[in-house]
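What follows is a set of notes on a single structure, which appears directly below.
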Amino acid sequence: MPPFKTGLKRKIDKNNSKQDTEKVPEAKGSTLVEDEDLIKGELDHDGDDTDSEPEDGEKAGSDAELDEVLFDGSEVSELEESVEDNDKASGDSSDLTDSEADDDDNSSQDDRSSTDNDESKENKKGLNRDEDSGDESGIGQTHSSGSETEKKPEKVKKKTKNIRQDLRKQDKVKQSKTSIDRLADDINTTRISTQPVEQKDEYESGDTSDEEERRNTVGDVPMWWYNEYPHVGYDLDGKRIIKPPQRDQIDEFLKKCEDPDFWRTVRDPSTGQDVILSKEDLQLIHRLREGNVPDPTHDQYQPWVEWFSREVLATPLRAFPEHKRSFLPSKSEQRQVARIVHALKMGWTKTRKQIARERRMKREKNFYNLWGSSTAEEEERLRGIHRHIPAPKRALPSHAESYNPPPEYLLDAKEMKEWNKLSETPWKRQYTFLPTRHASLRAVPAYERFTRERFLRCLDLYLAPRAIKMRLTISPLDLVPKLPSPRELQPFPTGEALALRGHAALVRSADFDPSGQYVVSGSDDGTLKVWECSSGRCLRTVALGEPVSRVAWIPAAGLSLVACAAGARLLLLNPGAGVGAHRTADATDRLLQEPPPAHDVVMDERTASCVKWERVEPHDWAKGVRLIVTHFRPLIHLSWHARGDYLCACVRDGASRSVLVHQVSRRRSQLPFAKPKGLVQCALFHPTKPMLFVATQRVVRVYDLVRQELVRKLLTGAQWVSAMAVHPGGDHLLVASYDRKCVWFDLELSSQPYQALRLHAGAVRAAAFHARYPLFATAGDDAAIVVCHGMAYNDLLQNPLIVPLKQLKGPEKREELCVLDLRFHPTQPWLLAAGADATLRLYS
Amino acid sequence: MPMDIAEVQLQVRFVTKQEQYAVPDNPYAIQSNFQVSDLNTLLNALLKETLPSFEKAVEFDFLVCGELLCTPLAEHLQEKSISTEETLEIEYLERFPAPSPQDCLMHDDWVSAVQAHGNWILSGCYDNSIHIWSTKGQHKLAIPGHTSPVKAVSWVSFNGDQAVFASGSHDQSAMLWVWNVSNNSVDCVVTCRSHNKGVECLAVSADSLRFATGSWDNNICLWSTSLSNEDNMPPKKRSKPDHGNTREPLTTLKGHREAVSGVKWMDYNTVLSSSWDHLLKLWDCELGGIKQEIAGNKAFFDVDWSPLNNSIIAASADRHIRLYDPRSTESIVRTTFTSHSGWVQAVRWSNTRDTLFLSAGYDNQVKLWETRSPRTPLYDLSGHEDKVLCCDWSNPALLVSGSSDNTLRIFKAKHAVTNA
């Protein structure tokens, strides 16, 4: 309860009390009413003397009693009991009938006054002490209110009595005057008549201790809602709080006249009862009105001590240390802020600024450009400007163009002479104008070519074709494809392991036997040598008398046969028993000893004219030669079919007859082509399918041998094809050319090269694929053999991966030639190079 | 940097397994830049102090952290990242004495195979002949018989005057010969024909009852060495290989996919083989199956196994020699020995020392290796002028190598130290 309210006291309206006393039957009066009546009665009827005297006496007595209490502890309990008894008596008195109450009145009154005084003192202390002392203070209030109402109005009462009586007389006059007033009176009276019943109920429930506490439970609702009703709300028991009787204007006026406390009587809106403000209340109001601190004891002019200043004191004002919390950032705050920030980030909430901006944007008016367009480009398009190119800017004028150029810009006699000399070709002159000196700007004549030049400039702008230069900023490194490192692509040959020495002239060609045990090589010194691969030992030398241009070991494992091109002769040799495989050698000999029956060896005339299968002389047989096929022109290339029965030979300048296919088992030949297709360089069989690759000078043609038709024409883009190698899978082709290029064809992809490799500084003369490892090598006239990783995938969607791996140092250069043939070992990652320095090199 | 290290003092303790050279177990403080020679001086001085009988200076080798010391001590420690703060334990052992060149036996052609035994040296030659030499360098006999280069030779047994040896050749046959020492006459007793391609390697089992041949036809054949045939036919005198007794193999071990380049008996039932298909295989002879495989990534040229330390060394188509453990199931290279600059063609363990082996390379070098020194061989036995094709250390006193410069060189291991 706020302190200023504690001063509020309730005073029961005198009219009300009068009406009560007059009209309410005494039997019905509740304790509260009776209490009020009792007080009223006392106030009204008892004289000042009676009132004051016992009070004083009681006061003294009470004081004495208090003293006694203070001195004698035993009496304290008695006194308290007596007080309690009094209270009880007063409480009991509610149950008693009026007559009995009357008897008790005096005694209770006395007791009461004494206790009142005590308690009022206590109350005052309590009020100062604390505000929420609970029920006791509430009781105290009621008592104090009671005691004060007793004291103050009583002094004025005698004076007002007479005035009131006069006013009553006037009332009667007024009543007689107006019927309306009479009606109002009637209403009032009727109201009044109903009231006591309600009142009685109201006081029955409560006990005397909080009899004055008429709590209205309606809450904070506008009280005019109850204007129409006889009650103003409900008390704690849910019973109606009946409005105290309304006073009419006359009553008001009379009250105003006779009640000296009228000016300080206010109506409690919640109960509708009048409350007379006490002196303290008035003081409080006065202080509030003046804008002072409500507490009268407060000294607003006391000296100001600035306890909490920014100055650092030697000792802290507060004894306790700062809490740890004050040094740590708050977790919950952080969480809160984080939540807000997250919401902002996600766009769930917006900052005030954003909201304001949005609101502003919304408020701004949007105009639709009806005739224009939204963007600059659109604008230009609408205006008919397509990709406008700004006119080139002219150079700024130089010093020479000045009207008064520095003397070094002026032409001297020699330069003038030159100037005149170039009059026929004026664009060769140093300047397009003659630097001239004028005394002043005024003296500068008009430029005679102005019009013409301006016209030409306009023509330039109008007619000169201009284009925007599209500049791409791509670093060259970005264009290089990402390739795996060579280390991951091992094994591949990395260095020379063996040099096979023995030939006397450059080695034209070399080949491995199918198991990789032997190497055969053919040289310009007219010999064919067979070597042991692992040791580099020359096991056999066959002198053929003619430079050997090409050797090829039969790919079939069960036979021991080497095809060798010496001049125009194709020799099939058995390297023989000296070279390992006895039994295969014998088997081969047996196979070749007898020619097949003659009817099998029928060849047409055209073929017969260019090929002649010859009988082998005994001394040749002893050398190992088993078959001789003489061609009409020198042979340039030989290649075996994978099965080892067919042999494809190319002759130089043979025109339409440059490619021949020999069948060894039946000793017959075929001319597959009827028409010349260019200079044939080499021809190779497809490793698995019946197809033939024929390389002419610039084009590689792929023929289907079964259907006898051209399947594909591969445009190499090279000037002169030198060699060719087919991937063991048969879908890829590597073509080497004399113009330093190697071209990889993916036959599944297109007839255009998949990739052109420029890895050599000179003509490329040899190319080879490895049969097992994804390796290929190329070599030529420069002293380097390039080994590359060439992975062809089975997946058609994946392009072959080509990674240059290693540059191997080739054999020595002789007469601009270096490497003439390359072969990979059939099983190991070893590479054999036939060199121009009469050696064969094995790289591993 | 080496200068900084030079200032450091090291605490070392010398230990040895050779009892005759034991020194007191005291720690010594030495400079960290000590070389092997410095250590040798120190140790000899120590030995002189402790052993009254010790007179002649002995050369020692020093093992630091299981590796032979070749460089200055500081460098070695840095390489091994060993702290110089703690007391270092240096094991020392008498150095294997440097082999001295003893003889050079001239042949008519490349020497492709060689084996010494006792006083006799057997060599195979590319001119299809087999030669018998005494260890003194005396040419005893040249035996023509094969029709192709002889690729492998091996002594089988000595029985008084009768010596038996086997040879394998590229003519697809292996031959068993009996040599009468006193008469100096030789007989081809049996010709073994089963291979379809040249015989590349040959090995006789420890009990001399069987021998194995590896060939280019990817097979290994096991043969009996008994001189008599089952029907007890007396061997013909001076029989030509074409007319001699032929014999069928006891077992043919098929499984390699490329040429078999080396065979070696491990025990009476196990054959180790190396092949060009990058595999080493251990065969069970009775079952004819593969016991174990060791995969390399290069073609193997030769293999040898030592009963002393039960490890395999293999030469492959590169500069390295690799040491494998046959007991491990994974193909892990235990040590790689790198010093040759060309292909290594042959490797042979020592019969007496478990840490020594011999290798022959195409860089004209024969190298003597210590297994605890993977970078540096103990000795380079140079002298050959061309590719060295074969080497042998069957006689512990003789290091024999044959080369493509038509010579067979003999190095004498000065005094074969018994294994410590």
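The values are calculated or read from the model by the stated rules, or taken from the named source; none is laboratory data. Since the model is a prediction, treat every value here as computed from it, not as a measurement. Glycine also receives a Cβ, built like all others from the backbone with ideal geometry; neighbour counts cover every protein chain displayed. Accessible surface is based on the protein model in full, side chains and every heavy atom, while ligands, DNA and RNA are left aside. Shrake-Rupley method; radii C 1.70, N 1.55, O 1.52, S 1.80 Å.
Filtered by the rule that a residue be under 33 Å from the mean Cα position of the chain (by Cα) and in a loop (DSSP other than H, G, I, E, B), the range B:35-58 gives B:35, B:56, B:57, B:58.
Checking residue A:464 against (1) more than 14 Å from chain B (Cβ to nearest Cβ); (2) farther than 24 Å from residue A:804 by Cα; (3) touching a residue at least 12 places away in the same chain (Cβ under 8 Å): exactly one of these is not met. Which one? If we test residue A:464 against (1) more than 14 Å from chain B (Cβ to nearest Cβ); (2) farther than 24 Å from residue A:804 by Cα; (3) touching a residue at least 12 places away in the same chain (Cβ under 8 Å), just (3) comes out false.
Residue-by-condition table, conditions (1) without any contact (Cβ under 8 Å) to a residue 40 or more places away in the chain; (2) open to solvent by less than 10 Å² (accessible area, probe 1.4 Å); (3) over 17 Å from residue A:730 (Cβ atoms):
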{"residue": "A:770", "(1), (2), (3)": "no, yes, no"}
{"residue": "A:777", "(1), (2), (3)": "no, yes, yes"}
{"residue": "A:784", "(1), (2), (3)": "yes, no, yes"}
{"residue": "A:792", "(1), (2), (3)": "no, no, no"}
{"residue": "A:796", "(1), (2), (3)": "no, no, no"}
{"residue": "A:806", "(1), (2), (3)": "no, no, yes"}
{"residue": "A:810", "(1), (2), (3)": "yes, yes, yes"}
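Does residue A:567 fit the bill of being of a type outside the set (Val, Ile, Thr), more than 14 Å from chain B (Cβ to nearest Cβ), open to solvent by 10 Å² or more (accessible area, probe 1.4 Å) and farther than 20 Å from residue B:404 by Cβ? Here the answer is yes, as residue A:567 does meet what is asked.
On the given criteria, is residue A:555 in a loop (DSSP other than H, G, I, E, B), within 14 Å of chain B (Cβ to nearest Cβ) and touching a strand residue (DSSP E or B) at 6+ places or on another chain (Cβ under 7 Å)? Let's see the steps before the verdict.
On the way: in a loop (DSSP other than H, G, I, E, B): yes; within 14 Å of chain B (Cβ to nearest Cβ): no; touching a strand residue (DSSP E or B) at 6+ places or on another chain (Cβ under 7 Å): yes.
The answer is no for residue A:555.
Within the range B:288-339, the set of residues being away from chain A (no Cβ under 14 Å) and of a type in the set (Gly, Ala, Ser) comprises B:288, B:289, B:306, B:311, B:314, B:328, B:331, B:339.
Only one residue in B:123, B:83 is of a type in the set (Gly, Ala, Ser), surrounded by fewer than 20 Cβ atoms within 10 Å (Cβ to Cβ) and either more than 14 Å from chain A (Cβ to nearest Cβ) or assigned to a loop (DSSP other than H, G, I, E, B) (or both), so which one is that? Don't jump to the end; show me each part of the working.
Values: B:123 fails: surrounded by fewer than 20 Cβ atoms within 10 Å (Cβ to Cβ).
Unique residue meeting the criteria: B:83.
Scanning the range B:5-19 for residues that are in contact (Cβ under 8 Å) with a residue 12 or more places away in the chain and in a helix (DSSP H, G or I) yields B:5, B:6. Applying the criterion of at least 1 residues that are open to solvent by 70 Å² or more (accessible area, probe 1.4 Å) and modelled with pLDDT under 90 to the helices (runs of 4 or more DSSP H) found wholly in the range A:350-445 leaves A:376-382. One residue stands out in the range B:101-117 among those that are out of contact with any Asp or Glu (no Cβ under 8 Å at 6 or more places or on another chain) and open to solvent by 40 Å² or more (accessible area, probe 1.4 Å): the one that is nearest to the other protein chains (Cβ to nearest Cβ), namely B:106.
Among the residues of the range B:167-186, how many are of a type in the set (S, T, N, Q), open to solvent by less than 10 Å² (accessible area, probe 1.4 Å) and farther than 12 Å from residue B:122 by Cβ?
Taking the range B:167-186 and keeping what is of a type in the set (S, T, N, Q), we get B:167, B:169, B:172-173, B:180, B:182-185.
Okay, now just the ones that are also open to solvent by less than 10 Å² (accessible area, probe 1.4 Å), so B:167, B:169, B:172-173.
Within this subset, residues satisfying the condition of being farther than 12 Å from residue B:122 by Cβ are B:169, B:172-173.
Matching residues across the range B:167-186 total 3.
Could you say whether any residue in the range B:232-250 is modelled with pLDDT of 90 or more, open to solvent by 10 Å² or more (accessible area, probe 1.4 Å), within 14 Å of another protein chain (Cβ to nearest Cβ) and in a loop (DSSP other than H, G, I, E, B)? There is no residue in the range B:232-250 that is modelled with pLDDT of 90 or more, open to solvent by 10 Å² or more (accessible area, probe 1.4 Å), within 14 Å of another protein chain (Cβ to nearest Cβ) and in a loop (DSSP other than H, G, I, E, B).
Of all residues in the range A:476-500, exactly one satisfies the criterion of being away from chain B (no Cβ under 14 Å) and surrounded by 16 or more Cβ atoms within 10 Å (Cβ to Cβ), namely A:486.
Among what's in the range B:305-331 and is aliphatic (A, V, I, L, M) and in a loop (DSSP other than H, G, I, E, B), pick the residue that is surrounded by the most Cβ atoms within 10 Å (Cβ to Cβ).
Step one: list which residues in the range B:305-331 are aliphatic (A, V, I, L, M), which gives B:308, B:312-315, B:317, B:321, B:323.
Among the residues that remain, those that are also in a loop (DSSP other than H, G, I, E, B) are: B:308, B:317.
On the way: B:308: 15, B:317: 25.
Within the range B:305-331, the match that is surrounded by the most Cβ atoms within 10 Å (Cβ to Cβ) is B:317.
Quick check: anything in the range A:733-741 away from chain B (no Cβ under 14 Å), over 27 Å from residue A:524 (Cα atoms) and either within 55 Å of the chain's Cα centre (by Cα) or of a type in the set (Val, Ile, Thr) (or both)? Lay out the reasoning, then the answer.
From the range A:733-741, those away from chain B (no Cβ under 14 Å) are A:733-741; that's our starting set.
Of the ones still in play, those that are also over 27 Å from residue A:524 (Cα atoms) are A:733.
Of the ones still in play, those that are also either within 55 Å of the chain's Cα centre (by Cα) or of a type in the set (Val, Ile, Thr) (or both) are A:733.
Yes, the range A:733-741 contains a residue that is away from chain B (no Cβ under 14 Å), over 27 Å from residue A:524 (Cα atoms) and either within 55 Å of the chain's Cα centre (by Cα) or of a type in the set (Val, Ile, Thr) (or both).
Any residue in the range B:52-66 that is within 17 Å of residue B:87 (Cα to Cα), out of contact with any Phe, Trp or Tyr (no Cβ under 7 Å at 6 or more places or on another chain) and either of a type in the set (Phe, Trp, Tyr) or surrounded by fewer than 17 Cβ atoms within 10 Å (Cβ to Cβ) (or both)? Yes, there is a match, as at least one residue in the range B:52-66 is within 17 Å of residue B:87 (Cα to Cα), out of contact with any Phe, Trp or Tyr (no Cβ under 7 Å at 6 or more places or on another chain) and either of a type in the set (Phe, Trp, Tyr) or surrounded by fewer than 17 Cβ atoms within 10 Å (Cβ to Cβ) (or both).
Can you tell me which residue in the range B:149-205 is farthest from the other protein chains (Cβ to nearest Cβ), limited to those that are among the charged types (D, E, K, R) and part of a strand (DSSP E or B)? Reasoning before the result, please.
As a first pass, look at the range B:149-205 and keep what is among the charged types (D, E, K, R): B:151, B:161, B:171, B:187, B:193, B:197, B:200.
This time we only want the ones that are part of a strand (DSSP E or B), so: B:151, B:187, B:193, B:200.
Working: B:151: 9, B:187: 23, B:193: 9, B:200: 9 Å.
The extreme case among them is B:187.
Tell me yes or no: at least one residue of the range B:141-148 is within 18 Å of residue B:407 (Cβ to Cβ), within 14 Å of chain A (Cβ to nearest Cβ) and not in a loop (DSSP other than H, G, I, E, B). No: the range B:141-148 contains no residue that is within 18 Å of residue B:407 (Cβ to Cβ), within 14 Å of chain A (Cβ to nearest Cβ) and not in a loop (DSSP other than H, G, I, E, B).
For the range A:461-475, give me each residue that is open to solvent by less than 70 Å² (accessible area, probe 1.4 Å) and part of a helix (DSSP H, G or I). I'd like the intermediate steps shown before the answer.
Restricting attention to the range A:461-475, the residues satisfying the condition of being open to solvent by less than 70 Å² (accessible area, probe 1.4 Å) are A:461, A:464, A:475.
Within the range A:461-475, A:461 is the sole residue that qualifies.
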